[in-house]
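Structure first, then comments.
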Amino acid sequence: MAPKLQPRVDGDLGSLLDSAAFLHQIVDALGSPLNVVLPDQLARNVQGFRDVYQARHLGGGIFFAHKANRSRALIRALAATEAGIDVASLAELQHALGAGFGLDRIMATGPKSREFLWLAARAGVIVNADSTTELTELAGIVAAYRLPRVRLMARLSGFASTGTNVMTRASRFGVPAARLATLWETLEKHQDQVEFLGVAYHLDTVGLPEKAVALEGCLHAMDEAQQRGLRPRAIDIGGGFGVSYLDDGRQWEAWTSELTGAVLGKRPPITWNGHGYGLRNEGGTVRGTLSVYPAHRTTSGPAYLDRLLGTESAAQRRALGTLLLDSLYDLHVEPGRALLDQCGAVLMRVEDVRDDLVRVAGNSADVALEQHGVLMDPVLVPRGAPAGSEPAGVYLAGNLCLEADLLTRRQVYLPARPRPGDLLVFVNTAGYLMDFSAGNALMQPTARTVAARRDRGGWRWCLDDQYWPVTGREETG
Ligand SMILES: Cc1ncc(COP(=O)(O)O)c(C=O)c1O
C-alpha cells in the first residue's frame with residue numbers, strides 16, 4: 001500500500017471539503033477541472049505577516065507576488081486589505097491597476113519589457129530594478145517622455161558570507177553585490193529620473209542561512225549608499241517563506257524512507273515506473289539526492305520571516321530585525337506561496353478506474369508541482385454514498401493522450417477505491433499549482449475559477465471575474 005501523504009487543511013478549506021453536495025454542484029455546472037479560491041483566507045494570511053512586523057516594531061509593505069495565482073477575485077480581495085502587490089509582467093501590472101491598488105502599493109519586479117517599464121513609470125508605481133542596464137533604460141524612458149521621477153529599489157544578488165561559510169548559489173537576477181560601485185554611479189547619474197528607495201533581494205531557496213547572508217549584505221549595501229550621500233530607507237527581502245503542505249511530518253520521513261527502499265528494490269515500487277525523484281540505485285547503494293520541495297516544513301510563512309529576523313548577524317552579533325529597527329529602515333516582503341496558504345483547491349472528476357489507475361478530467365498542468373515537489377494525497381469526495389471499499393493505493397492519470405501525463409508520479413493513498421463521477425480535491429493548491437502552468441494541450445479545457453465565501457453556515461460562490469470585495473446589495477436593496 002502507498003504510504004500516506006495527507007495534506008494539512010485548516011479553516012474554511014476544511015469546511016469546504018465537508019460540503020460534498022456543493023462541490024459536486026459547481027463541478028456539474030462549470031466542468032472539470034475547476035479551481036476554487038477563498039479570498040477571505042488571503043486577508044487573514046496578510047494579517048499573519050503583519051503580526052510579525054508588529055511584534056518586532058517594524059514598518060514596511062507586504063507585497064503579494066501576483067505570479068503565484070492569476071485569479072481576479074484574489075487580487076481584488078487583496079486590494080481591499082492593506083497589502084501591496086508585486087507584479088512581474090505588463091499584464092500583471094494592468095491587472096493590479098484595474099483591481100484598485102494605489103501606486104504606493106504596487107512594485108514592479110522581475111525582468112521587464114520596454115512597455116512594462118513605460119507603464120510602470122507612467123503610472124508611477126515603485127520599480128524594483130533587476131540590473132543597471134534596466135535602470136539606465138528606465139531613466140531613458142523617464143527622460144524621453146518627461147515623466148516624474150520613478151521610485152526605485154535595486155535588486156542585488158551574489159552575496160558573500162562574512163562569518164561561517166554559507167553556500168550561496170548563482171542567480172540570473174540582480175546587480176552583483178561585489179559590483180555596487182557601478183550601481184551607485186548609475187543612480188547618481190540618473191538622480192533626476194529616479195528616486196532611490198533602497199536595495200532588494202529574492203532568493204529561490206528555502207535555506208535560512210543563505211537568506212540571512214543576503215539580508216546582511218543588503219544592510220551593508222545600505223551603509224555604502226549612505227556614505228555615497230544617497231538616502232535609501234527600505235530593504236526588500238523578496239518571497240520564499242514557504243508553506244507546509246503535509247499535516248504530519250512523520251509521514252514525510254516514512255515516505256522518503258519507503259522511496260529509498262523502493263529504489264533499492266527492497267519493497268514494491270511506490271512510484272510510476274520506479275521513478276526515484278532524484279534517487280537511483282547504483283549496485284545496491286542509493287545515490288543522488290531527493291530533488292523535491294520538502295512537503296513538511298517546521299517553520300514556514302510568517303514564522304519563517306520571524307525566524308529570519310531573529311537570526312544574528314555574523315558580523316554584528318545582533319538580530320537582523322534589531323539592526324533593521326535601529327536603522328529605521330522599512331522592511332518590504334514579497335510572499336507568493338505563503339500568502340496563498342489554505343486559499344484554494346482544484347476539483348477534478350473521476351472518469352475511469354482500471355486496476356490501480358484512476359483517470360481524471362484534468363491533467364498534470366492543472367495541478368503542476370511535479371518539477372519541484374511531490375503532490376499530497378487528494379481528498380476523495382464521493383458522488384453518492386461512500387463505496388465502503390478498502391483503502392486503495394492508486395496512480396492518477398490525466399486527460400492528455402501522453403504516457404507522461406500523470407498528476408503525480410507517486411502512488412497516492414485514498415480511503416476507498418473511487419468510482420467514476422466521484423471528485424478528487426487537490427487542496428491547498430492556490431499557490432502556483434493551480435494555474436501557473438495550465439495550458440490548452442489537446443484543446444482540453446483549462447479550469448474555470450470560482451471564488452467561494454462562507455455564508456451563514458453554507459457557501460456562496462461566483463465566477464472569479466464577478467467577484468468584487470464590495471458587499472451589501474442584499475442588505476441595502
Ligand atoms: C522577485 C520575486 N519575488 C517574490 C517571489 C515569490 O516567491 P514565493 O512564492 O516563493 O514567496 C518570486 C518568485 O519567483 C520572485 O521571483
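Quick notes on this one:
- Of residues in the stretch 68-101 being open to solvent by less than 20 Å² (accessible area, probe 1.4 Å) and polar (S, T, N, Q), the one nearest to the ligand (Cβ to nearest atom): N69
- Within the stretch 417-435, the set of residues being in contact with a helix residue (DSSP H, G or I) (Cβ under 9 Å, 6 or more places away or on another chain), more than 16 Å from the ligand (Cβ to nearest atom), open to solvent by less than 10 Å² (accessible area, probe 1.4 Å) and over 14 Å from G384 (Cα atoms) comprises just one member, V425.
- From A160, A170, A177, residue being within 29 Å of L208 (Cβ to Cβ), away from the ligand (no atom under 13 Å from the Cβ) and in contact with a Phe, Trp or Tyr (Cβ under 6 Å, 6 or more places away or on another chain): A177
- Qualifying residue in the stretch 195-210 (condition: surrounded by 15 or more Cβ atoms within 10 Å (Cβ to Cβ), among the acidic types (D, E), within 14 Å of the ligand (Cβ to nearest atom) and in the same structural domain as E137 (by TED's automatic domain parsing)): yes
- Residue ID - modelled with the highest pLDDT, chosen from residues in the stretch 357-416 that are within 30 Å of V206 (Cα to Cα) and open to solvent by 50 Å² or more (accessible area, probe 1.4 Å): R409
Yes or no, residue by residue, for (1) in contact with a helix residue (DSSP H, G or I) (Cβ under 9 Å, 6 or more places away or on another chain); (2) farther than 22 Å from H202 by Cα; (3) assigned by TED's automatic domain parsing to the domain that holds L219:
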position	(1), (2), (3)
L279	yes, yes, no
R318	yes, yes, yes
L323	yes, no, yes
D326	no, yes, yes
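- Qualifying residue in the stretch 285-302 (condition: within 16 Å of the ligand (Cβ to nearest atom) and among the hydrophobic types (A, V, I, L, M, F, W, C)): yes
Yes or no, residue by residue, for (1) assigned to a loop (DSSP other than H, G, I, E, B); (2) within 25 Å of the chain's Cα centre (by Cα):
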residue	(1), (2)
V358	no, no
A365	yes, yes
G373	yes, yes
E390	yes, no
E403	yes, no
T408	no, yes
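- Among the residues of the stretch 316-353, those that are open to solvent by 10 Å² or more (accessible area, probe 1.4 Å) and at positive phi comprise R317, L328.
- The residues in the stretch 326-349 that are in contact with a Lys or Arg (Cβ under 7 Å, 6 or more places away or on another chain) and either of a type in the set (A, V, I, L, M) or more than 16 Å from the ligand (Cβ to nearest atom) (or both) can be counted, and the count is 2.
- Qualifying residue in the stretch 376-391 (condition: touching a Lys or Arg at 6+ places or on another chain (Cβ under 7 Å), touching a residue at least 24 places away in the same chain (Cβ under 8 Å) and at positive phi): no
- Flag if G249 is within 16 Å of the ligand (Cβ to nearest atom) and open to solvent by less than 50 Å² (accessible area, probe 1.4 Å): no
- Residue within the stretch 131-140 that is in a loop (DSSP other than H, G, I, E, B), of a type outside the set (D, E, K, R) and open to solvent by 20 Å² or more (accessible area, probe 1.4 Å) present: yes
- Extreme residue, nearest to the chain's Cα centre (by Cα), among residues of the stretch 312-356 that are closer than 30 Å to R417 by Cα and of a type in the set (V, I, T): V346
- Residue-level check: of (1) within 20 Å of the chain's Cα centre (by Cα); (2) farther than 21 Å from D341 by Cα, G59 misses just (1).
The values are calculated or read from the model by the stated rules, or taken from the named source; none is laboratory data. Note that the coordinates shown come from a computational prediction; the quantities given were computed from them, not determined experimentally. Note that we place each Cβ from the backbone using ideal geometry, even for glycine, and neighbour counts take in every protein chain shown. Quick note on the areas: whole protein, heavy atoms, side chains included, nothing else; ligands and nucleic acids left out. Shrake-Rupley method; radii C 1.70, N 1.55, O 1.52, S 1.80 Å.
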